[in-house]
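For reference, the structure is listed below as structure tokens.
The values are calculated or read from the model by the stated rules, or taken from the named source; none is laboratory data. Source: prediction; values computed, not measured. Quick reminder, even Gly has a Cβ in these numbers, built from the backbone with ideal geometry, and neighbours come from all protein chains shown.
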Amino acid sequence: MVEIIAILNQKGGCGKTTTAVNLSTALALLGRKVLVIDMDPQGNATTGFGVEKNDVEKTIYPVLTGEIRLEEAILSTDISGLDIVPSNISLSGAEIELSKTIGPHSILKEAMDGVSDSYDYIFIDVPPSLGLLTLNSIVASDSVIIPIQAEFYALEGMADLIKAMGLVETRLNSPSPIKGILLTLYDSRTRLGREVYSNVKEYFGETENIFKTTIPRNVRLAEAPSHGKPCILYDEESSGTLAYLKLAEEIIKLEGGEDNK
Ligand SMILES: Nc1ncnc2c1ncn2[C@@H]1O[C@H](COP(=O)(O)OP(=O)(O)OP(=O)(O)O)[C@@H](O)[C@H]1O
Ligand SMILES: [Mg+2]
């Protein structure tokens with residue numbers, strides 16, 4: 001059965017897109033069928049897979065406005081088993097348009113209805129805000145991964161994010177539990193890195209899963225998008241590549257329930 005996972009944190013630059021691109025690639029290389037939906041007007045996940053975002057018209061935007069079906073916007077990538085639904089700046093008008101429709105929070109979920117069965121995983125790359133695009137992403141997902149950058153303000157805004165998820169659960173009756181907290185840009189050798197890790201553990205550790213895999217700061221992860229490739233294809237030996245492969249294995253171990261942990 002498909003698992004739909006939103007990659008979520010309204011804090012900018014914490015590694016959401018890097019995670020969406022490389023974790024999906026890793027899972028596809030491990031034999032899973034994966035779709036990435038780019039829900040960010042910045043279109044960084046689209047670029048990260050080498051798609052020229054300004055040349056595509058069939059993006060997630062006309063899907064959300066009901067002009068085309070989601071299936072029509074799916075593009076295959078160079079990676080076998082991995083497809084994407086691209087995005088670009090046109091999506092920036094969507095917040096206002098969606099707000100005028102009935103049931104503005106569940107438009108993505110409804111659009112995804114027919115396609116879900118073709119995939120093992122669908123990842124939604126969410127923009128850095130708590131607006132309608134993000135709320136649609138939470139409603140459409142079965143669970144969320146929250147990347148947290150290991151820096152001083154890491155947990156700032158986390159209460160607002162948890163509150164937004166709680167409102168989606170109670171008001172829209174659409175729970176989307178945390179699949180895992182992912183430490184990104186993490187360096188266990190620095191005191192700050194270790195401090196942030198222990199703060200995250202204190203904040204979430206009792207109740208939520210914190211992935212055992214952490215993502216190190218690795219320049220190859222930052223370089224790869226300019227080559228239009230996931231890091232896993234750009235430098236297969238890099239520490240970033242190895243970390244995302246390890247994370248994919250950790251997620252595969254969770255398949256079939258908590259017993260496999
Ligand atoms: N582990 C890492 N090591 C080094 N650079 C990284 C790492 N993760 C992300 N980066 C770089 O940091 C920047 C922000 O990462 P990314 O785009 O993945 O964050 P984001 O949360 O999607 O940002 P936004 O909120 O703007 O969508 C990018 O330039 C990316 O290449
Ligand atoms: Mg992003």
Quiz item: Can you name every residue in segment 187-222 that is within 16 Å of ligand 2 (Cβ to nearest atom) and surrounded by 18 or more Cβ atoms within 10 Å (Cβ to Cβ)?
Solution: Ile215, Leu221
Exercise. Test each condition in (1) closer than 18 Å to Asn9 by Cβ; (2) in contact with a Leu (Cβ under 9 Å, 6 or more places away or on another chain); (3) of a type in the set (A, V, I, L, M) for Leu172 and report the one that comes out false.
Key: (1)
Quiz item: Can we say Thr77 is away from ligand 2 (no atom under 11 Å from the Cβ), touching a Phe, Trp or Tyr at 6+ places or on another chain (Cβ under 7 Å), among the hydroxyl-bearing types (Ser, Thr, Tyr) and without any contact (Cβ under 8 Å) to a residue 60 or more places away in the chain?
Solution: yes
Quiz item: Of the residues that make up segment 157-169, is at least one within 16 Å of ligand 2 (Cβ to nearest atom), part of a helix (DSSP H, G or I) and of a type outside the set (Asp, Glu)?
Solution: yes
Quiz item: When residues of segment 9-49 are filtered for being among the polar types (S, T, N, Q), under 25 Å from Ala154 (Cα atoms) and either outside any helix (DSSP H, G or I) or more than 8 Å from ligand 1 (Cβ to nearest atom) (or both), how many remain?
Solution: 5
Practice problem: Out of Leu108, Leu183, Leu91, Leu172, report the one residue that is away from ligand 2 (no atom under 16 Å from the Cβ), surrounded by 13 or more Cβ atoms within 10 Å (Cβ to Cβ) and under 24 Å from Thr46 (Cβ atoms). | Solution: Leu108
Quiz item: Of the numbered conditions (1) more than 16 Å from ligand 1 (Cβ to nearest atom); (2) of a type in the set (A, V, I, L, M, F, W, C); (3) at pLDDT 95 or above, Ala6 satisfies every one except a single condition; which is it?
Solution: (1)
Practice problem: State all residues of segment 223-249 that are free of Cβ contacts under 8 Å to residues at least 60 places away in the same chain and within 16 Å of ligand 2 (Cβ to nearest atom); if no residue qualifies, say none. | Solution: Ser226
Quiz prompt | Residue, surrounded by the most Cβ atoms within 10 Å (Cβ to Cβ), within segment 17-43, restricted to residues that are farther than 16 Å from Pro86 by Cβ and within 11 Å of ligand 2 (Cβ to nearest atom) | solution = Thr18
